[in-house]
1. Residues in the stretch 82-112 that are within 20 Å of Ala42 (Cβ to Cβ) and outside any helix (DSSP H, G or I): how many?
2. Please determine whether any residue of the stretch 67-81 is surrounded by 14 or more Cβ atoms within 10 Å (Cβ to Cβ) and either aromatic (Phe, Trp, Tyr) or out of contact with any helix residue (DSSP H, G or I) (no Cβ under 9 Å at 6 or more places or on another chain) (or both).
3. Name every residue in the stretch 23-74 that is of a type in the set (Gly, Ala, Ser) and either closer than 20 Å to His87 by Cα or free of Cβ contacts under 8 Å to residues at least 24 places away in the same chain (or both), in order of residue number.
Amino acid sequence: MEEKAPAPKPEETPKEPLFPSRRKRLFSSADLRASAIGWEIAIPIVSGPLIGFLIDRRFNTDVRWTMICMGIGLLAATYSVVKYINHEMHKMNVELEKKKAELEKLKQRIKK
């Protein structure tokens with residue numbers, strides 16, 4: 001039998017990435033919240049008409065409940081988006097106020 005050559009040993013030092021990232025983590029909480037808002041939009045919009053369709057089939061009422069439940073689903077999705085935007089705006093304003101306070105402190109130190 002022929003003996004195979006030993007596999008080359010991996011280098012001891014890790015290589016630096018070709019494009020270094022500014023982030024330390026793969027996903028931040030903002031990224032996860034942004035993906036969750038997609039589900040908060042999709043679920044009411046899809047489930048509303050589906051539930052309405054099932055009610056219409058059960059009680060033989062044309063498309064009445066489908067339209068009603070679709071409207072409720074759209075309202076729920078809109079509410080979720082507005083709530084998310086308000087939350088993000090609040091977080092941005094808090095960060096802005098912190099930066100303004102730090103800037104004022106620096107200005108006070110410079111004047112002294």
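The values are calculated or read from the model by the stated rules, or taken from the named source; none is laboratory data. This structure is a prediction, so every number in the text was calculated from the model and none was measured. Note: ideal-geometry Cβ built from the backbone for every residue, glycine included; neighbour counts use all protein chains shown.
1. Start the filter on the stretch 82-112 by keeping residues that are within 20 Å of Ala42 (Cβ to Cβ), which leaves 82-85, 87-88.
This time we only want the ones that are outside any helix (DSSP H, G or I), so: none.
Selection size over the stretch 82-112: 0.
2. Of the stretch 67-81, the ones surrounded by 14 or more Cβ atoms within 10 Å (Cβ to Cβ) are 67-70, 72-74, 76-77, 80.
Applying the additional criterion that residues be either aromatic (Phe, Trp, Tyr) or out of contact with any helix residue (DSSP H, G or I) (no Cβ under 9 Å at 6 or more places or on another chain) (or both) yields none.
The answer is no, given that none of the residues of the stretch 67-81 is surrounded by 14 or more Cβ atoms within 10 Å (Cβ to Cβ) and either aromatic (Phe, Trp, Tyr) or out of contact with any helix residue (DSSP H, G or I) (no Cβ under 9 Å at 6 or more places or on another chain) (or both).
3. The initial filter retains those residues of the stretch 23-74 that are of a type in the set (Gly, Ala, Ser), namely 28-30, 34-36, 38, 42, 47-48, 52, 71, 73.
The answer is Ser28, Ser29, Ala30, Ala34, Ser35, Ala36, Gly38, Ala42, Gly52, Gly71.
Per-residue answers, yes or no, for (1) of a type in the set (S, T, N, Q); (2) assigned to a helix (DSSP H, G or I); (3) modelled with pLDDT of 95 or more:
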{"residue": "Ala36", "(1), (2), (3)": "no, yes, no"}
{"residue": "Pro49", "(1), (2), (3)": "no, yes, yes"}
{"residue": "Ile55", "(1), (2), (3)": "no, yes, yes"}
{"residue": "Arg58", "(1), (2), (3)": "no, yes, yes"}
{"residue": "Met67", "(1), (2), (3)": "no, yes, yes"}
{"residue": "Leu74", "(1), (2), (3)": "no, yes, yes"}
{"residue": "Ser80", "(1), (2), (3)": "yes, yes, no"}
